[in-house]
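Below is one structure, written out as structure tokens; comments come after it.
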2 protein chains.
Amino acid sequence: MTYYIGDVIKDERILIVRTPEQFEKTGIRVRVRTTVEEIDPDKGVVRLSDGDTLAYDTLVMATGSKVNIPDIPGVRQEGVFKLKDLRDALDIKAYIKDKQCGHGRCRKAIILGAGFIAMELSEAMKNLGLETSIVYRGELPVKRWDEEFSKIVLDKLTSNAIDFVPHRLPVAIEANGRESTLRLITDNGEMEADIIVFALGVTSNISLAEQIGLKIGNTNAIMVDLSQRTSRDEIYAVGDCCGVYHRIKHQWVHMPLGDIANKQGRIAGANISGHSMTFPGVVGAQSFKLFDLEVATTGIDEWEAKAMGLHPISTIIWGTPSARSMSKGRKVGLKMVADKSTGKLLGAQSVGEGGAVAKINTLSACLWGGMTLDDVGYIDLAYSPPFGGPWDPIQVVAQILRKQM
Amino acid sequence: MTYYIGDVIKDERILIVRTPEQFEKTGIRVRVRTTVEEIDPDKGVVRLSDGDTLAYDTLVMATGSKVNIPDIPGVRQEGVFKLKDLRDALDIKAYIKDKQCGHGRCRKAIILGAGFIAMELSEAMKNLGLETSIVYRGELPVKRWDEEFSKIVLDKLTSNAIDFVPHRLPVAIEANGRESTLRLITDNGEMEADIIVFALGVTSNISLAEQIGLKIGNTNAIMVDLSQRTSRDEIYAVGDCCGVYHRIKHQWVHMPLGDIANKQGRIAGANISGHSMTFPGVVGAQSFKLFDLEVATTGIDEWEAKAMGLHPISTIIWGTPSARSMSKGRKVGLKMVADKSTGKLLGAQSVGEGGAVAKINTLSACLWGGMTLDDVGYIDLAYSPPFGGPWDPIQVVAQILRKQM
């Protein structure tokens, strides 16, 4: 049998569902533009914003997350945006396209924050023709990655004429009478912009959960078990609003990523419909693209391993995404972290113009299988010169680390 | 520490070695253009083609493989080539560039065989401007892959104006007085060409090994153990001339691939220098590129699983190498094979314009770790829209197969 991938699997058929109407055809009732105002868990009833009430036997909390917005003056004025959902994206695009700023079209953008969303957004802004600056409190972008790799990301920003402004905390946003429409006041000077977008991360949206006394984990997300059940048996939680078990950290973490939310949704659905299923957790795999640069990571970094009481060893090597003769100067860096006493693989990071995500996916599978450096050092990969050398950096790093044990 | 990848690791430094002179600097003596004519294992001596003899305590056989050439008339004449080493490649290029054929420059190429070398060679020939035909005894190219994927490979040949001529056995090659310089006689008609290249696979070169009575495996390659030792303790064998342990087939196979040879060389070297090491074997990962098509496989296919007495289940799905909205019509197909009774992953194949090799490397790691469909169905991968959807075909196929158990 041959299947095509879609979004809803029902009765083993995969249905591609895009609109509320298509959803309804699957037998699922969808109410758009409706909010749950209150939950009465003892009666098993939710009260909706349109005045209706709905009774439930089982309730799924999928309340997602909310964008972190600093508590400074001026964050609500025109030209200041968050980027959370499709509506935000459409609003930002419309503003850039249509808004008449002091000097005509919207021209200058400031992005606050330097995580992966800020990186993706800076590329999008640049591609829309805006002068783009990233303003960040720290020294280097994408702090989940090793400094050596963060510097590669910084170089990629710079070579694409995106201005990275480190060591700045936003203090206020003011309307600007002059050439640009906005002024960002920081603890270290002022900058002008026509549009400012917050990309300072997200926090679980747990207000409804708190209202009814669901247990909240130490990651400030709804506490769930491996079946996605909350502290009340009849209430499940999935996605950005709840925690997820990290198999390498051996603890519950908050990792608001789309693929994890999808998995949790399916696990909850299976359990609710009577098919026992548990979520095996995550190893922390994550990636983003910045122009032609792939940036990816999985597992934990050295400092996280130390915090767990482990004795991490790590190294970085630079290889090529194809055999050296075919790589046209492109490079791919790979960092691997392992435990010195057991040789267990703990994490990996990769950055490069091609091949980085593939390496991290392979190493995520290795982490998933609990492999050691001995396992990884001679792992069998599909070698061919257009896709790498006969020794993949994966094997080389594992062998180098093995000698440090 | 940051390393750059090279070819020789010595005292934990990685040295890039390209010429005999560079090798000698590492302290390794290299004799080029010298053949071993005879081995006297009882005296521990080899006799060289230049008359010298060399004494050894330990001997490593790395005699490689030889190209399969059919036993038909005319295979030794000008314009007929094999493609095994750098010399062959240089000879072919020089012939194509310089040879004056009947109509001027060398214009028409025939490749005999339809494995991955034939595919790579056809692309190279086409890129050199030749009219290129592939002549093959079977119906479809690359028989290691599922028919559905072989057809994709065939389409890629056809759309690049490479002529695939199935169901033809070569009978003779003759000099041609007319427009082209050669004539290929087959069991089903004749074809003209200026150059004919054999790509019919290779066979282990075991003549020296047989001479001294080393045990030969049932794959017609030198029998070795996991330490790369032959049936004589002081003689090791590595690379195309010897067998390799296949972890999924649970038997020794002949798999003449460059990455495997590299690994075996290092294992033998470690053991010879007193560091006990065993080769963990292979899962059969392999890949090649054909124009913009990636083709890869790992593990075993259904028919091989059946031959082992297993009960394989399998399916193929088609996904996209990026999120659907970013894929510009590009597709990637994934086949997965698992055992019905245990759910153990047995193999996978992938073909697509991007992403196929990456998927197979991830699944090779899963095979390496002995994972089941339950492990693979919810594996944590580095999701981001430029690199795929939130459900990777890897997870989707595993879940579909899980329901067939």
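The values are calculated or read from the model by the stated rules, or taken from the named source; none is laboratory data. Note that the coordinates shown come from a computational prediction; the quantities given were computed from them, not determined experimentally. Using ideal geometry, Cβ is built from the backbone for each residue, glycine included, and neighbour counts are taken over all protein chains shown. For the accessible areas, the whole protein counts, side chains as well, though only heavy atoms, and no ligand, DNA or RNA atoms are used. Shrake-Rupley method; radii C 1.70, N 1.55, O 1.52, S 1.80 Å.
Label-to-label distance, B:Val75 versus A:Leu48, with points set 7 angstrom from Cα along the beta-carbon direction: 7.7 nm. Residue by residue, the range B:317-323 carries 3J(HN,Hα) couplings of 10, 10, x, 10, x, 10, 3 Hz when phi is fed to the Karplus relation 6.51 cos²θ - 1.76 cosθ + 1.60 (θ = phi - 60°); x denotes Gly or Pro. Here B:Pro386 yields copy-to-copy label distances, from shortest upward, of 2.1 nm, the label point defined as 7 Å from Cα along Cα to C-beta.
Summing both sides, the accessible surface hidden between A and B at a 1.4 Å probe radius is close to 6000 Å². Each other copy places its own label point for B:Val75 at 7.7 nm from this one, sorted shortest first, where the point lies 7 Å along the Cα-to-beta carbon line.
Peptide B:390-402 has a mean of 3 when you count, residue by residue, the C-beta atoms of other protein chains within 10 Å of its C-beta.
Within the range B:71-173, DSSP assigns beta bridges of which about 20% are antiparallel (rounded to the nearest 5). Expressed as a whole percent, the accessible surface of chain B that belongs to carbon and sulfur atoms is 50, based on a 1.4 Å probe. Within the listed set B:Ile379, B:Ile235, B:Ile196, the residue fluctuating most in the Gaussian network model of chain B (springs between alpha-carbon atoms under 10 angstrom) is B:Ile379.
To the nearest 20 Debye, how big is the dipole of the range A:80-202 about its Cα centre, given +1 on the beta carbon of each Lys and Arg and -1 on that of each Asp and Glu?
On the way: 18 positive and 19 negative charges, 70 e Å.
Here the size comes out at about 340 debye.
With a Förster radius of 60 Å applied to the beta-carbon distance between A:Arg144 and B:Lys151, the computed FRET efficiency rounds to 0.90. By a 1.4 Å probe calculation restricted to protein chains, B:His311 has an accessible surface near 110 Å², given to the nearest 10.
In the full protein context, the range A:170-226 carries 45 Å² of accessible surface per residue, based on a 1.4 Å probe and ignoring ligands, DNA and RNA.
Using only the alpha-carbon atoms of the protein assembly as shown as identical scatterers, what base-10 log of I(q)/I(0) does the Debye formula give at q = 0.06, 0.10 Å⁻¹? Summing over Cα pairs of the protein assembly as shown leads to -0.47, -1.16. Ranking B:His167, B:Ile185, B:Val197 by Cα position along the charge dipole of the range B:80-202, where only Lys, Arg, Asp and Glu carry charges on their C-beta atoms, puts B:Val197 farthest toward the positive end. Result for chain A in a Gaussian network model with C-alpha springs under 10 Å: among A:Val332, A:Val30, A:Val238, the largest mean-square fluctuation is at A:Val30. About the centre of its Cα atoms, the protein assembly as shown shows a dipole size close to 560 debye [charges on the beta carbon of Lys, Arg (+1) and Asp, Glu (-1) only; nearest 20 debye].
Under 16 Å of direct C-alpha separation, and excluding same-chain neighbours fewer than eight residues apart, A:Lys99 reaches these lysines: A:Lys108.
Taking each of A:Lys344/B:Lys263; A:Lys331/B:Lys249; B:Lys215/B:Lys344; B:Lys93/B:Lys289; B:Lys126/B:Lys359 in turn, the alpha-carbon distance tops 25 angstrom for A:Lys331/B:Lys249; B:Lys215/B:Lys344; B:Lys126/B:Lys359. Under 20 Å from a point placed 7 Å out from the Cα of A:His250 along the Cα-to-Cβ direction: which residues of the range A:324-354 have their backbone N that close? Those under the cut-off are A:337-348. By DSSP, the beta bridges lying fully in chain B are antiparallel in about 75 percent of cases.
Compared with the direct C-alpha span, the chain from A:Ala307 to A:Glu234 gains 22.7 nm at full extension, assuming 0.36 nm per residue. Pick from A:Asn205, A:Asn262, A:Asn188: which is most flexible by mean-square fluctuation in a GNM of chain A where alpha carbon atoms under 10 Å apart are linked? The residue that fluctuates most here is A:Asn188. With both residues required to sit in the protein assembly as shown, DSSP beta bridges show an antiparallel share near 70%.
Distances, shortest first, from the label point of A:Tyr56 to those at the same position in the other copies read 7.3 nm; the point lies 7 Å along Cα to C-beta. Considering helices alone, the calculated mean residue ellipticity of chain B at 222 nm is -7000 deg cm²/dmol, with DSSP H runs of length four and up weighted by -39500 (n - 2.57) and normalised per residue. Computed from label points 7 Å out along Cα-Cβ, the spacing between A:Arg137 and B:Leu128 is 6.2 nm.
Simple spin-label estimate for A:Glu37 and A:Leu169 gives 4.0 nm between the two label positions (7 Å along the Cα-to-Cβ direction from each Cα).
Of the options A:Gln286, A:Met308, A:Gly377, report the single residue whose Cα projects farthest towards the positive end of the charge dipole of the range A:286-404 (beta-carbon charges: Lys, Arg +1; Asp, Glu -1). Of A:Gln286, A:Met308, A:Gly377, it is A:Gly377. The dipole here belongs to chain B: it is taken about the Cα centre, uses +1 on the Cβ of Lys and Arg and -1 on the Cβ of Asp and Glu, and is about 680 debye. Shape class of chain A from the alpha-carbon gyration tensor: oblate, with a/c at 1.5 or above and b/c at least as large as a/b.
Summarising the amide proton neighbourhood of A:Val60: residues at separation of 5 or more, or on other chains, whose placed amide H is nearer than 5 Å comprise A:Tyr236.
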